[in-house]
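First up is the structure itself, then whatever we jot down about it.
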Amino acid sequence: MNIHISNVSGKALYEQIYDQIKQQILEGTLSAGEPLPTIRGLAKDLRISVITTSRAYSDLERDGYIYSVVGRGSFVAERNAEFVREKNIKEMEELIAKSVEIANRCAMSEEEFLDIVKIIYRS
């Protein structure tokens, strides 16, 4: 599992960890049942507070991405394909909405916008 944190990102460290683990789960990089590093181990590797990693894991568990077993650790939760698809579609909708906002600032027509989308989709 690769996690890179930045002190200048503007996002809280626990949010960066949460986002990156969530992304790896949704992309399939982390598979159902796969063990995650221990909270202490991850904190040590990233050179951050145990409280920070604990918060990220707690939020991931709350949102159903991981589960914890006392004495064994944290694991990637079983996700059905429809759930993963819906999460990815939601993310895509948010990005498209942001793109439409930018297109409107540029006074771009719907046709121009859709042409760009088609080009990117096909490449």
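The values are calculated or read from the model by the stated rules, or taken from the named source; none is laboratory data. Everything quoted here is computed from the prediction, not taken from an experiment. Virtual Cβ from ideal backbone geometry, glycine too; neighbours counted across all protein chains shown. In case anyone asks, the SASA skips ligands and DNA or RNA and just uses the protein heavy atoms, side chains included. Shrake-Rupley method; radii C 1.70, N 1.55, O 1.52, S 1.80 Å.
Points to keep in mind about this one:
- Derived scalar couplings between HN and Hα for segment 14-21 equal 5, 5, 4, 5, 4, 4, 6, 5 Hz in order, rounded to whole Hz, by the Karplus curve 6.51 cos²θ - 1.76 cosθ + 1.60 (θ = phi - 60°), x for Gly and Pro.
- Summing charges over all other residues whose Cβ lies under 14 Å from the Cβ of Thr29, with Lys and Arg as +1 and Asp and Glu as -1, gives -1.
- Residue-by-residue Karplus 3J(HN,Hα) for segment 67-78, coefficients 6.51, -1.76, 1.60, Hz, glycine and proline x: 9, 10, 10, 4, x, 10, x, 10, 9, 5, 6, 5
- Calculated translational diffusion coefficient of segment 1-53 (37 °C, 0.692 mPa s; Stokes-Einstein with Kirkwood radius over alpha-carbon pairs) equals 283 µm²/s.
- Under 5 Å between amide hydrogens, built in the peptide plane, is the criterion, and for Ile66 it picks out Glu61, Ala77 among residues at least 5 positions away or on other chains.
- Counting only the Cα atoms, segment 72-123 fills a convex hull of 119 Å³ per residue.
- Table column - 3J(HN,Hα) (Hz), segment 33-50, Karplus curve with 6.51, -1.76, 1.60, x for Gly and Pro: x, 5, x, 9, x, 5, 4, 5, x, 5, 4, 5, 4, 8, 6, 10, 5, 4
- Per-residue extension of 0.36 nm, minus the Cα-Cα distance of Glu93 and Arg72, leaves a gain of 3.8 nm for this segment.
- Local electrostatic count, Lys98, Cβ distance below 15 Å [Lys/Arg +1, Asp/Glu -1]: -2
- If you look at the Cα atoms of segment 53-94, you get an Rg and a Dmax of 12.4, 40 Å.
- Carbon/sulfur fraction of accessible area - segment 1-95, other protein chains in place, 1.4 Å, %: 50
- Lysine pairs within the chain, Cα separation less than 23 Å, 8 or more sequence positions apart or different chains: 14
- Taking label points 7 Å from Cα along the Cα-to-Cβ direction, Asp63 and Lys44 give a separation of 2.8 nm.
- Neighbour net charge for Val117 - beta-carbon separation under 14 angstrom, K R +1, D E -1: -2
- Three semi-axes describe the equivalent ellipsoid of segment 14-123; taken as square roots of 5 times the Cα gyration tensor eigenvalues and ordered largest first, they are 36, 16, 11 Å.
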